[in-house]
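A short worksheet on the structure shown next.
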Amino acid sequence: MAPRSPWLAYLSIILVLFAQIAWAARPQSAASVFDDVRFRPVTVEDGLSQSTVRSMVQDLSGTVWVGTIDGLNRLDAHSIRVYRHADDQPNSLPDNHVATLVLATSGELWLGTQGRGLARYRPETDDFEQIDLDPDGSLPAANSVSALVSDGAGGIWVASAGGRLRRVDTHTRRIETLGLDFGPALTAVRDLALLDDGRLAVASGIGAFVVSADRKQIQELKLDGHALNAYTLVQGNRGAILVGTGSDGLIEFQNQTVLNHYRAKDGLVSDAVRSLKRDASGRLWVGTNGGISRIDQRHRQIDSWTQDPIGRNGLGGNRVESMMIDRDGLLWIGTWSNGISIHDPQTESFQTFKYRPDRPNFLASSTVTALTMTHDGMLIAGLHEEGGGARIDLQQGVVQRYLHDPARTDSIAASSIATLLERRDGSLWFGTQTAGLSKLRPDSRDHFELYQYDPAAPTSLSSNNVADLLEDRSGNLWVATIGGGIDRLCPGCTDFERLGSTDGLSSVYANTLLETADGGIWIGYRTVGVDRLDPVTGVVTAYRAGATPGSLSSNAVTHLYEARDGSLWVATQGGGLNRGRRDDAGRYVFHALRRAEGLGSDMVSAVGEDGSGAIWVSTATGISRINPADQSIVNFGWSEGAQRRGYFVGAIAKQSEDIFYFGGLEGITRFDARRIGEPRPPRRPQISAITALSREQATHRRIAVSRPLQAGTPTLATVDLAYDDDIVHFEFSTFNFANAESIHYAYQLEGFDEHWVNLEDGSNRATFTDLPAGEYALFVRAAGPRSLRWIDSEGPVVVRVASAPWWNPFAIAAYAVLLLCLGTWLGWTLWQAVRQRLAAQQRLQESEQRLALALEASGDEIWECDFLDHRLIRFTPHIELRIPSDTKVFSMSMLRDIVHPDDLHIFDHAMRDVLKGTKEQMRATYRMGLANGGWIWVQSYGRVVERDAQGLVRRIAGVSRDVSEIMAQDEALQRINQDLERRVESRTRDFQIANEHLRRTLDDLRNAQKQLVESEKMAALGGLVAGVAHEINTPLGIGVTAASHLETESRRIGEQARQNTLKRSDLEQFLAIADESSQLILRNLRRADHLIKSFKQVAVDQSSEQRRMVNLREYLDEILTSLQPRLKKTPFKVSIDCPGDLLVDTFPGALYQVFVNLVMNSIIHGFEGREHGQIEIHASVQRDRLCIVYRDDGRGMAVEVVARIFEPFFTTKRGQGGSGLGMHIVYNLVVQLLGGSVRCQSEPGQGVQFLIELPLASGDAAR
């Protein structure tokens, strides 16, 4: 090394001073609770081969390649394809553990594996070429590749466990070894980076090094003279190098001088840095073993994120293994064992305040139902699901919560908030869905005044279900309620004025309120549109949905807003957004914006306006911005930063003209409208995959697209299909990973499709079946989320379908020769056919003669109708009709004359069906007149044998047969059937009468059973009252006695004090007596209090069927306390084995009846005639079910008793006071009300055991 010059020493001193100044101004950790970073996961469930991501890279087409410890993954934004090693395929992936990936200058993908060296992906054959880094076998560890970097000149630098840096020429495959001596450091290389000036940076577990551009010198980077345990490095500003270490955090070097040092104490999430990436805005992303940090050096700020096990948008895992920034600026974070997390910096304009139950300064519920901004800059949020109200400091988060406290009459009325309002006097009003209004004065912290519905007070609130609040310009408070209409409270008043249907309002189910600039009060309803109320005249003008132009698009109104230009915006549930303007008559005319016009959703929740006049709305699918001038719409969904599950009705607040807050189902979204740009448009679509299926061979194969690697070439991409590729799938992608699910595709296969084919939402595949041989051009285009602007691909893909082997010129010539031979053979065959036909005609004549003889013997006759000449020909007349039998030809009118008048319509209908072409066959049974004057039943069957050139029937031929005997038998059968029907009808009436008697008797029995069950319940409650009253007498009596004694002693000591005879010993004696008496009184009063509370809760539960959450162990103790009067008179013991923290959402009254009946059943039946007995109750949770085992060691039961124990009125104490309903009540309560099951097991002398299984929440089952 050459000696340093003096000026270099001075420069080093200056750099050190600069570093100290920079350290003093190092970034500080941010404090805002609104998070602007959200992540989208890609996991094994999405198709990833394995969840530990070692490396990622994006190629020139936009495809993202992901290396894991079990396979290589190819992502096209819609699907994932996995490559793995296969022993029987030499060109498969060399090793499943892909440690590092790099893109060469030519655009080729190169990968380093853990144990099989280097490999190159070959897109033309969709396989891999393996490069052996140790061809002579002298350095086996060389094939364990740990890092790759492209040198920009057609080479790749390779670091491996072999301890050498090697350069592989990607064109010649020539391998060169760097001759510099790093010592043992190169055996532990973790990362390589090529700096802008050509230097090569090396991160190793034994140090960090920089190799000069001429590859002749090495410079080591050290911290305080010590070697670094370096994991990763990246180039910083002005030639600086940032090194991530294993335990010393992140260090920024300028040459060998430390400029900045970031550690956990400075805000870095962890000192164990594993990966570094710098985004397009210059911010540095730091992946560590404890999460990820973002360093904004320009604004001196550090933000950090860790795994969020609760939210759906958090970091997938804390241990970050690799990172990548794709061509759209998306940050890809590969974690150890938790897959990939993707962050789109473009979504940072939308910030979220989340639900975090583990953090007291975050939301206590994920659903935000109402928002308002106070005069002092505080954000007040109303929460659903008992989350209460929250006062939010925009930097610190929740600083105060408002929750209902049943023990306090001045707490907020309920913990589920529906609407909020800060009035001009500073008071804060909370509207609830179940408990009316709660008012918090500005000088009070948490003492509320309550306004609730009182049926006896007509000036009280009309309903406790409050939907919206409004303070008008005159200071009147307007209250919209569900079921009570509108209430108005004037300034200084305490009585409400109710407005409802009698005042002209359209409904009492009001949803939202608005005061417009003209002083009108607008009321939006749930189902009947909106009303405009003139508060001065009382005139109500209604606007409804309908078919009339200018009507609302829906009657379900969710929010109202008046813009600065005077237009009225009406949000609806299902009808989109309506913009209303006054016509010449002063009435509003509405125009709807819906999904068809580009709105993100027809379910609109809230409306607001920014400083530029743009309208912002929250919907069920995100946030939309509307330009009122041209009504153009831009939608922002989850992929652009909005909430995935949508927003709550009316939940909106504004900090200024342009800063909005929307409450949704995943917290609060904040954004500055001035910072929101346009959503990222999709890139040009490409064909990402082609697969073909052959039906005959039952094979499925992928087809490569032949495309030159050099850009700008005029050659089109081509796809060659085989003749037996029966089904071909083309998959498209824009390789836009930010919002791939929102991209729409269309295609046209020129030469096959006449028009463009639009794919359904979410689909990116075109399928063709049995394409004819030839050449086609496939065009593809794509559009962004609900956009009408299509983006075409760079050019068509030429699709060539090969001809089948049997349809080429040689085959055609062979076919011609074959046809000539076939013609010769056909001529000879035709001559033979003529000779055979003549012989057949002779045989046909003979056959006709035999047929005539057979018909004559059977009595059938053949006929033919000629409709051209309107005549009927009888060939074998055998029936003596009124027309002489020797008359073989007669007109159709003569035939109709001899058909029975009652059957003439049957004959005509059968003929008409054949003549119209409805049927080809004629079939009819009718009567015809005989020559002797009688009638004969005839069945005729015929079919069309000839038609004319227009398709009309020319001739029908058929057969007729005498069926008189058959018809006579049918008439007899009909008479028999009619007689049977009369008998069945008579018997049915008898059965119906008997069934009605049985039903009434069964109803009487059921009513009697219900009365007996209720009697049993009341009797149990009466016994409970008597027992508890007796128990309370003992502690109360002791307390009265102790108090009486204390009173006597007090009088005695008082008398001594008045007479001046009080001595010290007397006073000490009195104090001792007073202390003892007070302790005695206190103990017995506490005992009485415990008995009364237990009795109160149990009695209330038993007399009601309210469902609530109970601590099972405490409730069982309360049940035993209520049974103590009965148990203490017996020698029997009851033990409970139940976890102390077991909570059950159930019907406690039903539980009480179940256990009382079981315990009393054991005392009365199980322990009869015994001096001792033990009852055990075990409770546990198994497979999300509450399992209760109740057993005693009593006498047990016989098998036949166990089989009938749950039957009503079954008892072994018949005549001794037993009703037989106790265990029947237990069964009904467990199975029907609690939704569980109960089984009984017992044998004589072995006691009894009841196995009860219940759901942890019994409400669903009960409903």
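Every read-out reported here was derived from the displayed coordinates using simple, explicitly stated rules and does not represent laboratory data. The model shown is predicted, which means the values in this text are computed figures rather than measured ones. All Cβ positions, glycine included, derive from the backbone under ideal geometry; neighbour counts span all protein chains shown.
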Item to complete: Return the calculated 222 nm mean residue ellipticity for the chain, to the nearest 500 deg cm²/dmol, obtained by summing -39500 (n - 2.57) across DSSP H runs with n ≥ 4 and dividing by the residue count.
Response: -7500 deg cm²/dmol
Worksheet item: Mind ordering 124-132, 92-100, 830-838 by average Cβ neighbours within 10 Å, highest first?
Response: 92-100, 124-132, 830-838
Discussion item. Using alpha carbons only, how many angstrom separate the centre of region 790-841 from the centre of region 329-344?
Written reply: 60 Å
Worksheet item: Taking amide hydrogens as modeled 1.01 Å from N in the peptide plane, which residues meet the under 5 Å criterion relative to T1212, leaving out close sequence neighbours?
Response: none
Worksheet item: Given C-alpha coordinates of the chain, what is the ratio Rg to Rh with the Kirkwood estimate of Rh?
Response: 1.11
Worksheet item: Looking at region 1156-1236, which GluC sites (Glu not before Pro) are DSSP coil and have at most 15 other C-beta atoms within 10 Å of their C-beta?
Response: E1168, E1171
Worksheet item: Each residue of region 1125-1135 in turn: what ³J(HN,Hα) in whole Hz from Karplus with 6.51, -1.76, 1.60 and θ = phi - 60°, glycine and Pro shown as x?
Response: x, 7, 6, 6, 7, 10, x, 8, 10, 10, 10
Item to complete: Taking Cβ-Cβ under 4.7 Å as the only way to count a partner, pick out the unpartnered cysteines of the chain.
Response: C821, C865, C1138, C1187, C1240
Item to complete: Take the Cα atoms of region 454-675, find their three principal axes, and give me the spread along each one in whole Å, biggest first.
Response: 54, 40, 27
Worksheet, complete the sentence: Note, region 207-218: 3J(HN,Hα) by Karplus (6.51, -1.76, 1.60, θ = phi - 60°), whole Hz, Gly/Pro = x, goes x, 10, 9, 10, 9, 4, 5, 8, 6, 10, 10, 10
Item to complete: Run the numbers on region 371-433 and let me know its relative contact order in percent, using alpha-carbon pairs under 8 Å that are six or more apart.
Response: 28 percent
Response to the item:
Expressed as a whole-number percentage, the relative contact order of the chain with C-alpha contacts under 8 angstrom and at least six residues apart is 4 percent
Worksheet entry | Those trypsin sites (Lys or Arg not before Pro) in region 663-698 that DSSP places in a loop and that have at most 14 other beta carbons within 10 Å | R695
Worksheet entry | Using θ = phi - 60° and Karplus 6.51 cos²θ - 1.76 cosθ + 1.60, couplings along region 1248-1254 (whole Hz; Gly, Pro as x) | 9, 9, 10, 9, 10, 10, 10
Worksheet item: For M928, M894, what's the fewest-to-most ordering of other Cβ within 10 Å of each Cβ?
Response: M894, M928
Worksheet item: Going by how many other Cβ atoms sit within 10 Å of their own, how do S501, S460 line up, fewest first?
Response: S501, S460
Worksheet item: Between D602 and residues 5 or more places away or on another chain, which pairs have amide H atoms under 5 Å apart, with H built 1.01 Å from N, and which residues are they?
Response: R595
Item to complete: Give the long-range amide H neighbours of W935: residues separated by 5 or more places, or on another chain, with amide H under 5 Å away, using H modelled in the peptide plane at 1.01 Å from N.
Response: L930
Worksheet entry | Fewest-first ranking of I417, I966, I687, using other Cβ atoms within 10 Å as the exposure measure | I966, I687, I417
Worksheet item: Counting only complete DSSP H runs, which helices of the chain cover 20 Å or more along their long axis at the Cα atoms and score a mean Kyte-Doolittle of 1.0 or above?
Response: 6-24
Worksheet item: In region 397-481, which trypsin sites (Lys or Arg not before Pro) are in a loop and have at most 14 other Cβ atoms within 10 Å, using DSSP for the loop call?
Response: R408, R424, R445, R473
Item to complete: Restricting to the chain, compute how many DSSP beta bridges are antiparallel as a %, nearest 5.
Response: 95 percent
